[in-house]
1. So which residue, out of 75, 162, 64, gets the largest mean-square fluctuation from a GNM of the chain using Cα contacts under 10 Å as springs?
2. When the helices in the chain are scored as -39500 (n - 2.57) per DSSP H run of 4 or longer and the sum is shared across all residues, what 222 nm value do you end up with, to the nearest 500 deg cm²/dmol?
3. Could you line up 65, 183, 71 from fewest to most neighbouring Cβ atoms inside 10 Å?
4. Based solely on C-alpha atoms, express the radius of gyration and the Dmax of region 189-273 in angstrom.
5. What order, most packed first, do the peptides 34-41, 52-59 have when packing is the mean number of other Cβ atoms within 10 Å of each residue?
6. Among the DSSP beta bridges whose two residues both lie in the chain, what percent are antiparallel, rounded to the nearest 5?
7. As I understand it, the value is the acute angle between the Cα axis of helix 54-63 and the longest principal axis of the Cα atoms of the chain; what does it come to in degrees, rounded to 10?
8. Sort out for me the Cα centre separation of region 119-148 from region 195-219, rounded to whole Å.
Ligand code: UFG
């Protein structure tokens with residue numbers, strides 16, 4: 001397999017690239033470095049390019065005899081998507097359509113696609129299974145659902161074989177602690193909590209404590225980034241072995257509230273963090289917890305990190321070693 005990884009210099013992308021390389025796969029990272037970090041893939045074969053640049057994409061596919069694509073390149077911040085919908089539709093929908101065109105023109109029909117739990121919106125039941133109603137409450141989720149629908153049609157009409165992986169809340173970092181989460185702006189809970197532990201955030205904001213959950217704060221299913229990476233490898237292998245198009249949830253199946261996450265980080269670090277209750281964040285569903293039975297059964301996926309404290313500990317190692325992210329690497 002020769003694998004093109006768009007967005008491979010991003011958070012989940014760089015972790016997946018590292019796992020693929022460890023297995024000896026030929027990997028080409030394709031990233032425009034708008035949100036990705038060159039330092040996250042410093043030992044990898046790297047092409048700086050945009051998914052809108054059809055010529056560069058086609059050249060890369062031909063030059064490296066690409067057989068499959070893992071497509072991470074996208075904007076992924078729920079809150080930002082609500083204030084900048086144009087950017088999100090343009091990048092995540094139009095950009096992905098462009099990538100699909102180039103792939104099909106060059107005979108590439110195997111694709112692993114980054115989707116999200118945000119496609120479900122406020123789910124009718126918990127845990128969430130893949131067949132439940134999809135009704136996103138934010139623009140980010142809508143962009144991913146649109147592309148899932150497009151890919152289903154391309155699969156029927158053009159023989160595209162794709163596996164869409166609906167991530168719940170990606171978190172944690174690689175064991176070595178030299179790559180990890182570094183977004184700008186950072187809006188995700190765990191990195192913000194750990195930045196507060198480092199004294200880099202004045203006061204943590206808890207967005208809403210009046211949700212219908214155990215302690216009133218939002219509940220999420222936190223899944224380690226390496227466990228997500230492993231699922232991409234299983235998906236690539238399945239496609240290479242003739243598996244048809246499919247969609248899978250990726251989560252641990254355990255829900256933790258915002259307050260529980262903060263408490264776990266406080267226990268881990270021995271600190272008490274400054275925090276305050278703030279208004280709800282627009283577009284946030286109350287509870288998102290996955291059933292990942294389908295991928296466990298079909299592809300044999302088994303998450304290694306199931307303890308929230310251990311997951312946060314891997315992220316803490318990264319943040320402590322790199323308080324300014326990749327900036328000074
Ligand atoms: N939160 C706070 N304070 C903060 C930041 C976050 O209370 O300073 C809360 C949020 O309101 C939410 C929870 O912490 O309830 C988790 O928020 P994140 O921003 O870390 O993650 P999201 O659940 O909003 O989104 C993440 C991914 C999306 C994905 C979604 C699916 O970023 O790509 O999980 O569950 F779609």
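1. For the chain, modelled as a Gaussian network with Cα springs under 10 Å, the answer is 64.
2. Details: 11 runs with 121 residues, N = 329.
Taking each H run of at least 4 residues, the total per residue is -11000 deg cm²/dmol.
3. Working: 65 9, 183 15, 71 26.
Lowest to highest Cβ neighbour count: 65, 183, 71.
4. Radius of gyration, then largest Cα-Cα span, for region 189-273: 17.3, 52 Å.
5. Working: 34-41: 19.8, 52-59: 15.5.
The packing order, highest mean first, is 34-41, 52-59.
6. Details: 2 of 41 bridges.
For the chain, the DSSP antiparallel bridge percentage is about 5.
7. Result, in degrees: 70.
8. Distance between centres, Cα-based: 23 Å.
Every number in this text was worked out from the coordinates using simple rules, so none of it is lab data. As the structure is a computational prediction, the values presented were derived from the model and not from experiment. Cβ coordinates were reconstructed from backbone atoms using ideal geometry, including for glycine residues, and neighbour counts include every protein chain displayed.
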